[in-house]
Amino acid sequence: MQEFDVVIIGGGPGGLAAAYGLHGHGLNVAVVEKDLWGGTCPNRGCDPKKILMAAVEAQGRSEALQGHGLTSVPQIDWRASMAKKRAYTEKIPSGTLEGLKTAGIATFHGTASFNTDGTLTVGEDQLNAANWIIATGQEPRLLDIPGKDLLRTSNDFLDLDTLPADITLIGAGYVGVELAAIASAAGSRVHLVHHNRRPLRAFDGDLVHDLMDRLTAEGVDVKLDTDVTAVVAVDDQYQLTTASGETWTSDLVFATAGRTPAIDDLHLARIDVVTTPHGIAVNDRLQTTNHHVFALGDVVDRPQPKLTPVAGYEGRYLTATLTNGAADPISYPVIPSVVYGKTQLAQLGVTPAEAVAEPEKYHVNDLDLTHWYSYQRTADPAARIKVVVDQESGNIVGAAVLSSEAEQVINYLDFVIQNHMSTADINQTILAYPTLASDLTYFN
């Protein structure tokens, strides 16, 4: 039996933040990982996706400027894009493991399973700890339909040697919309299917509608209110059938209908840790129903967006909790969320829908930015922002943005909101002009 102060199950960004933080305070720490060291984000998620997205964004800028200074649209070389992606991702597992070993943090590779006496089995190793942190994240969810074994996932998409001529993505959440943007830009015929008429439910409905229109204009076959009921292999393709009887064939079919907490192997019931379909139940200190077991990141059932920076934030919080005995509940700052593509959708803070529900507290400035200088100069085809303003203070407290520059604008607004900057504060700041940042003075 090997004894530790803290054992962290999951070697992704959140688990690593806790591991290095706790080790830095002198605790004896171990990290367990059953798959790729570094976790989903740098290996099979946000980082490789954003590398592939770089060419997509450049192509989108070029398309918008046809007839405005540019005369041809660059084509995406899938193999070259994938080679660039792999040059980054191939170094992540070994680099992560080497970093932990160099720091003196114990590492174990294998499937972790709790025992009824509260210890942990990892392969041939038996571990015990004063406290545990579960940071196993999520994994792609497969639809429970005939032919589900034929479905690929985002993991497969992000490592395709060649891009098929025709693909179907079942599920229009973050993953589905972003992969649709990448595949369509790279020349594939894309069918993006969603089971109801409201994809990306966490985002503003009007801007989501505008985004679906942009994807359609880019050539994506957006099929809303469509339930896929079966997938069958037909020669070297796959035939999809819907509840309405519609059929079509694709070269590959991907399940992009959400993700599920990666906890099945852990046998958490053996140590009295309560779970829900959305993950591990925790209190406001990230503590589970077993007071010696904590959880962070995407595996947790909580309302905050399941994003890498949130997991890292929680890892730093648990470092403070387990070293200083911090009694304060975790308090989250405003958290920006972005859906990437040629046209980006971003949101943070109080949502427009929440503001409309409380008109005595907030008002919403719905601004068409298409003809503002910042977007006119790049010929952005769809630029819009909804800014939520607090009625009493006049401060910006939330925003939803749709444009090719949404990721930049939402980060500027993050600093404004987090620092409670008033209109006067913004106006007293001299920003480079003309830039996206200088537009802040006109939003409220």
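Bear in mind these aren't lab numbers, they're just calculated from the coordinates by the rules spelled out. All figures in this text were calculated on a predicted structure; none of them were measured in a lab. Cβ atoms come from the backbone with ideal geometry, glycine included; neighbour counts cover every protein chain shown.
General observations
- Mean projection area, nm², convex hull over Cα of region 1-143: 12.6 nm²
- Under the criterion of Cα pairs below 8 Å and six or more residues apart, the relative contact order for the chain equals 15 percent.
- Counting 0.36 nm for each residue step from ASN324 to ALA130 and taking away their Cα separation leaves a gain of 68.3 nm.
- GNM flexibility winner over the chain from TRP132, TRP248, TRP78 (Cα, springs under 10 Å): TRP248
- In units of the compact-protein estimate 2.2 N^0.38 Å, region 148-257 shows a Cα radius of gyration of 1.00.
- HIS25-THR162 FRET efficiency (beta carbon distance; Förster radius 45 Å; 0.05 resolution): 0.40
- Trypsin sites (Lys or Arg not before Pro) restricted to region 376-444 and DSSP loop, no more than 16 other C-beta within 10 Å: ARG377
- Most mobile listed residue (GLY219, GLY15, GLY104) in the chain, GNM with C-alpha springs under 10 Å: GLY104
- Gyration tensor verdict on region 357-441 (Cα atoms; rounded if a/c is under 1.5, prolate if a/b is larger than b/c, oblate otherwise): oblate
- Kirkwood-type radius of the chain, with distances r between different C-alpha atoms, in Å: 23.7 Å
- Relative to one another, the C-alpha centroids of region 97-163 and region 194-220 are positioned 33 Å apart.
- Scanning the chain for GluC sites (Glu not before Pro) lying in DSSP loops with no more than 16 further Cβ atoms inside 10 Å, the longest uninterrupted stretch between such sites is 125-245.
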